[in-house]
Amino acid sequence: MFDTLVVAVLRNETKQPLFGVEDRMDMLREAIGSMGNVEVDCFDGLLVNYAARRGARVILRGIRAISDYEYELQMALTNRRLALDIETVFLMAGEAHSFVSSRLVKEVARLGGDIGGFVPASVASRLHARLQQPGSRNEIMTPTLKTETAERISRISVSSTMKVAADADKLRREGVDVVDFGAGEPDFPTPANIKQAAIRAIEQNFTKYTPAAGTAELKKVVV
């Protein structure tokens, strides 16, 4: 899509992230590996001003879900008003990463969960090491986090579909041609008892979106 991609980290003095700018840049360099047309940099101030200094004409932004879109649209329109010659392009996140956030990853790691399916191995190693330092665990705790929610987060595991998608993304980054895939319906009609179980689940309000293979409540209804 582009000849050169610059991954830019903002120096924001108003925030106190778990990792500093230099650490985050190092992790990004480790993640992109030998991609010759991708570089890592940092900047202060307005993104459009940085893009102009670098001679960039497009700002690439990722969107995980519709909840990201409202904020990203506001920023894109603001940037357009500030610099008419710089466009913003949105890219949807892949299925394997559409639900991932830094807060979720840090909470899972803090509670002892496996984050290998969420971030590169080098990032997971750095995060676990940082959490072993005095005070680090308390820095990422949210005041309103309830014990029940924390325990459920610690049991999160990556579904087989998402793991395959993550493996496919890794192979693509390594230059391996991968045939795309998508979840589909089975090649046979849905049995009547499954249809009835699904209807009962809807009526009893047992259904909800989940990246895993169903919910415990729905499984009980089906069985």
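Each reported figure results from applying straightforward, stated rules to the coordinates on display, with no laboratory input. What you see is a predicted model; the values in this text were computed from it and never measured. Cβ sites come from the backbone with ideal geometry, for glycine too, and all protein chains shown count toward neighbours.
Using the Cβ-Cβ distance between residue 13 and residue 70 with R0 set to 30 Å, the FRET efficiency from 1/(1 + (r/R0)^6) comes to roughly 0.70.
Taking the number of other C-beta atoms within 10 Å as the exposure measure, put 78, 4, 88, 14 in order starting with the fewest. Walk me through the intermediate numbers first.
Working: 78 14, 4 11, 88 19, 14 4.
Neighbour counts put them in this order, fewest first: 14, 4, 78, 88.
The trypsin sites (Lys or Arg not before Pro) of region 2-42 that meet both conditions, a loop assignment by DSSP and at most 14 other Cβ atoms within 10 Å of the site Cβ, are 11, 15.
Between the beta carbons of residue 102 and residue 57, assuming R0 = 25 Å, the FRET efficiency works out to 0.30 to the nearest 0.05. When +1 charges are put on Lys and Arg Cβ atoms and -1 charges on Asp and Glu Cβ atoms, the dipole computed for region 1-78 relative to its Cα centre reaches about 200 debye. Stretching residue 82 away from residue 196 to a fully extended chain increases their span by 35.4 nm, per 0.36 nm per residue minus the current alpha-carbon distance. Maximal additional length on extending the residue 133-residue 46 stretch stands at 28.0 nm, based on 0.36 nm per residue less the C-alpha distance. In this simple spin-label model, placing a label point 7 Å from the Cα along the Cα-to-Cβ direction at both residue 169 and residue 5 gives a separation of 1.1 nm.
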